[in-house]
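The values are calculated or read from the model by the stated rules, or taken from the named source; none is laboratory data. Model, not experiment: these values are computed from the prediction. Backbone-built Cβ (ideal geometry, glycine too); neighbour counts: all protein chains shown. Side chains included, ligands, DNA and RNA excluded: accessible areas come from the protein's heavy atoms. Shrake-Rupley method; radii C 1.70, N 1.55, O 1.52, S 1.80 Å.
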Amino acid sequence: MTIQFTAHEEFFTFHDPMQDGKLIDRKTEIRTDPLTGETSRIIFDPGAPFVPTDYTELAKETAGSKCPFCPENVQSFTPTFPNTLIEEGRLTKSEAVVFPNLFPYSKHNAVVRMTDQHYVKLEEFTSSIIADSFSVAFDYLKKVKAQDPNTAFASINWNYLPPSGGSILHPHIHVLASEHPTNYQATALAAAQQFYEINDRNFYDELLKQECELDARIIGTEGAIDWLHAFAPKSHTDFIGLFNASSFDELTEKNWQDLAQSVIKFFRYFEQIGIASFNLALFIPLFPNGAERVHVRLVPRMTIGGLQTSDMNVFNFLHSEPLCLKVPEQTTRDVAAYFVK
């Protein structure tokens, strides 16, 4: 059984006052996710430019004594782990500092303060800032996994800047682990296991193979991570990185370097199209499983127009139906240029 890439086109007919009342057909394309069967919609792009918000002035108002993550505060304003988990109370690597989340989302929830600098624009991120942060986040997960045998699901998550849901400008990531999956983790796992049972093949391996053959959404490779654009995207772009690792114990320091180099390339693309904010989630199966693969998803976040309207609306939240202004195959061609060696 091959993976199915299914899309349906719908056309809405009306007289367009912007074209002197001409009768036009405007297309909506409904795409089905080849793993989960969930749908998303490619909608008409009016071509208005994305305009990123500059947080320089707000950063001046919120830095230093007002920010718990700034260098003068991070050791005194942030909580510490029990000695039974981390003897020193916190983990550090270069400027990255790991401490408990005061308001946890999960049974295990660490925050990684990524760097001393309070406001880091996309062009200012270095691969070392990103790699060190993910590396020490992984060190935290190692300790959780060793201490809590019930832990079954883990992820490393990054909300960058307010449009993404980030509540503090200072760059930081969240590390989650629990015996209870999120909806995405549960849905993806169940679908991947079903695919494996029916086909005796790993869905992600097969997806990569077929996408390479189609050559419509393959972006490029960075080290041991293969990147492609989602067929049925969860936002206006949706970049998926497939690691050459099926589970937790196969990950190495090199993976964090590869991820950091990849993300820097996507940042360059985001800058070019006027995007400054994003959500990133890295999903890590904790135990070997022929059906799964370590993978990451990266989507842009933004506000739209003079009202700074959210890019999320009733479709995303109540219909569970993502909207995408950009045609994935065109986005793939645009961003692939940043992966050319």
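Structure values in brief
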{"item": "Peptides 83-96, 303-316, 159-172 ordered by average Cβ neighbours within 10 Å, highest first", "result": "159-172, 83-96, 303-316"}
{"item": "Carbon/sulfur fraction of accessible area - the chain, other protein chains in place, 1.4 Å, %", "result": "54"}
{"item": "Options Phe81, Leu35, Pro49, ranked by Cα towards positive dipole end of region 1-103, top entry (Cβ charges)", "result": "Phe81"}
{"item": "Per residue value of the accessible surface for region 1-46 (all protein chains in place, 1.4 Å probe), Å²", "result": "69"}
{"item": "Amide proton proximity set for Ser246, modelled H, under 5 Å, gap of 5+", "result": "Val294"}
{"item": "Angle in degrees between helix 127-147 and the longest Cα principal axis of the chain, rounded to the nearest 10", "result": "70"}
{"item": "Distance violations [Cα-Cα > 19 Å] among Lys142/Lys234; Lys93/Lys265; Lys107/Lys145; Lys209/Lys254", "result": "Lys142/Lys234; Lys93/Lys265; Lys209/Lys254"}
{"item": "Distant-in-sequence amide H partners of His170 (H built 1.01 Å from N, under 5 Å)", "result": "none"}
{"item": "Modelled FRET efficiency - R0 56 Å, Ala146 with Val51, Cβ distances, 0.05 increments", "result": "0.75"}
{"item": "Residue-by-residue Karplus 3J(HN,Hα) for region 30-40, coefficients 6.51, -1.76, 1.60, Hz, glycine and proline x", "result": "9, 10, 9, 4, x, 9, 8, x, 6, 10, 9"}
{"item": "FRET efficiency for Thr84 and Leu318, using Cβ-Cβ distance with R0 set to 35 Å, rounded to 0.05", "result": "0.25"}
{"item": "Whole-number percent relative contact order across the chain, with pairs defined as alpha carbons under 8 Å at least 6 apart", "result": "19"}
{"item": "0 to 90° range, to nearest 10: angle between helix 203-214 axis and the chain longest Cα axis", "result": "40"}
{"item": "Accessible surface, region 156-242, averaged per residue in Å² (probe 1.4 Å)", "result": "37"}
{"item": "Residue-by-residue Karplus 3J(HN,Hα) for region 305-322, coefficients 6.51, -1.76, 1.60, Hz, glycine and proline x", "result": "x, x, 7, 6, 5, 5, 7, 10, 9, 4, 4, 5, 8, 9, 8, 6, 10, x"}
{"item": "From the coordinates shown, Cα extents along the principal axes in Å corresponds to which of [x] 66, 52, 38; [y] 64, 57, 38; [z] 69, 54, 41", "result": "[z]"}
{"item": "In sequence order, calculated HN-Hα J values of region 44-60 (Karplus, 6.51, -1.76, 1.60; Hz; x Gly/Pro)", "result": "4, 9, x, x, 5, x, 6, 10, x, 7, 9, 9, 4, 5, 5, 4, 5"}
{"item": "Nearest-ten-degree value, helix 253-273 long axis tilted from longest Cα axis of the chain", "result": "50"}
